[in-house]
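All remarks here apply to the structure that follows.
Computed from the coordinates by the stated procedures, all read-outs in this text should not be read as laboratory data. Given the structure is predicted, the values throughout are model-derived calculations rather than measurements. Cβ placement follows ideal geometry from the backbone for every residue including glycine, while neighbour counts extend to all protein chains displayed.
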Amino acid sequence: MSTSNHCTIQLMNKSYKIKCPVEEMDNLQLAAKKLNAAISQKKSKFKTLDATQILLLAALDLSHELINQEQKQLQQREELSEFIHSLENRLQNAIETT
């Protein structure tokens, strides 16, 4: 059973107190650091955009990265499943021939 607690994160030089399960606090802090890094990168690259536009670009980049990783993971799962199926067939053939 997870216990909720409050976690303070920093985003765009502002503090936010967020309620989250204790076991998720580290991941939440890591996500905030990653978002802040993306925001900082966009700020230095696009100096004429306002804070909302910078935040949207950073969120879009992180979402795109997540989708790419999910697709890679799905492909790896499919490849692993095919490999396991191939091994099962080989084992079955070996059992049948003995």
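Data table
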{"read-out": "Theoretical gain in end-to-end length, LYS19 to ASP50 [0.36 nm per residue, Cα-Cα removed]", "value": "8.3 nm"}
{"read-out": "Residues in segment 48-87 that a label on ASN93 would reach, taking backbone N under 19 Å of a point 7 Å out along Cα→Cβ", "value": "80-87"}
{"read-out": "Under-5 Å amide H pairs with ILE18, H placed in peptide plane, nonlocal only", "value": "CYS7, THR8, ILE9"}
{"read-out": "Efficiency of FRET between ALA59 and LEU28 - r from beta-carbon atoms, R0 22 angstrom, step 0.05", "value": "0.90"}
{"read-out": "Label of the coordinate-derived value, Cα Rg over 2.2 N^0.38 Å, listed as [x] 0.98; [y] 1.77; [z] 1.17", "value": "[y]"}
{"read-out": "Anchor LYS45: lysines whose Cα lies under 20 Å away (excluding residues fewer than 8 positions away in-chain)", "value": "LYS33, LYS34"}
{"read-out": "HN-Hα J in Hz across segment 55-72 - Karplus 6.51, -1.76, 1.60, θ = phi - 60°, x for Gly and Pro", "value": "4, 5, 5, 5, 5, 5, 4, 5, 5, 4, 4, 4, 4, 4, 5, 5, 5, 4"}
